[in-house]
Amino acid sequence: MSRDQNLQQFVSALDKAIFHRLAAGSPERDLARRIFEALQKPGERGQRADQAALPAQQYLPQALETARSGPADLAAVADAFETLAPQLNWYRRKGSDAAGQIFADGHANASIVGAEGFERRTDVQVGVSLLAPNIQYVDHHHPPAEVYLVLSPGAWRQEQRTWHEPGLGGIVYNTPDIVHAMKAGDHPLFAIWCLA
Ligand SMILES: [Fe+2]
């Protein structure tokens, strides 16, 4: 099975950008190694659902411009993502209606690799979250461990600890099932998540 060229370019750029930001011997580096080793083997190509764009997707151009203002390896991730973006299944978080219309319209997620991804597979998930300015993503948790590559300003929190700003190119590492959230300030928040 061969992989779509744009997806391969994205995976390679992401691998490079994440890996050199992680300290040797750290659990997040072990997780990243596991994820990108698994991704060397392409999965099955998914289908794009025919759907209208979500309101929060209007912030993508601004978010990509910010990502491109960072180091070259982040710009490469942003460029590769931009080519994929129109082909992805963008979605609202399941049950997000309960959090109110402002949150429902203020966020958009897209799965790149995963059960509903551009590439279908269950061993690894890679996707993005985009938040409109001044939107807080709901507290959430999931069994797989997770590494976020942060591509914008914005604040992050784990459990009830204080909010912190990883900054453009920052990494957030979540151990399995830890409760976490993020929130955008004046600028859209944009981050790539990788789970396994
Ligand atoms: Fe998460």
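Here, each number is a calculation from the coordinates, and none is a lab measurement. Small disclaimer: the values here were computed from a predicted structure and weren't measured. Here Cβ is always computed from backbone atoms with ideal geometry, including for glycine, and neighbour counts include all displayed protein chains.
How far apart, in nanometres, would the label points at Glu65 and Asp186 be if each is projected 7 angstrom from Cα along the Cα-to-Cβ direction?
1.5 nm
Mind listing P(r) for the chain? All alpha-carbon pairs, 10 Å bins, whole percents.
9, 38, 41, 11, 0
Would you list, by chain and number, the lysines whose Cα falls below 26 Å from the Cα of Lys94, excluding same-chain residues fewer than 8 positions away?
Lys183
Given H placed 1.01 Å from N in the peptide plane, which residues other than close sequence neighbours of Ala191 have an amide H under 5 Å from its amide H?
Long-range HN contacts for Ala191: Ser129, Leu151.
Given the DSSP H assignment, sum -39500 (n - 2.57) over each helix run of at least 4 residues in the chain and divide by its residue total; what's the result at 222 nm in deg cm²/dmol, nearest 500? Before the final figure, lay out the partial values.
Numbers: 5 runs with 55 residues, N = 196.
My calculation for the chain gives -8500 deg cm²/dmol from helical runs alone.
By how many nm would the segment from Asn134 to Asp79 grow when fully extended, if each residue of separation counts as 0.36 nm and the alpha-carbon distance is taken off? Show your work: numbers first, answer last.
Values: separation 55, 0.36 × 55 = 19.80 nm, distance 2.53 nm.
Value of the extension gain: 17.3 nm.
I'd like the Karplus ³J(HN,Hα) series for the stretch 120-131: coefficients 6.51, -1.76, 1.60, θ = phi - 60°, whole numbers in Hz, and an x wherever there's a Gly or Pro.
In residue order, the calculated couplings are 8, 6, 10, 7, 9, 10, 9, x, 10, 10, 10, 10 Hz.
If we count other beta carbons within 10 Å of each Cβ, what is the order of Thr162, Thr66, Thr83, Thr122, fewest first? Provide the component values of the computation, followed by the final result.
Numbers: Thr162 7, Thr66 18, Thr83 14, Thr122 10.
Listing Thr162, Thr66, Thr83, Thr122 from fewest to most nearby Cβ atoms yields Thr162, Thr122, Thr83, Thr66.
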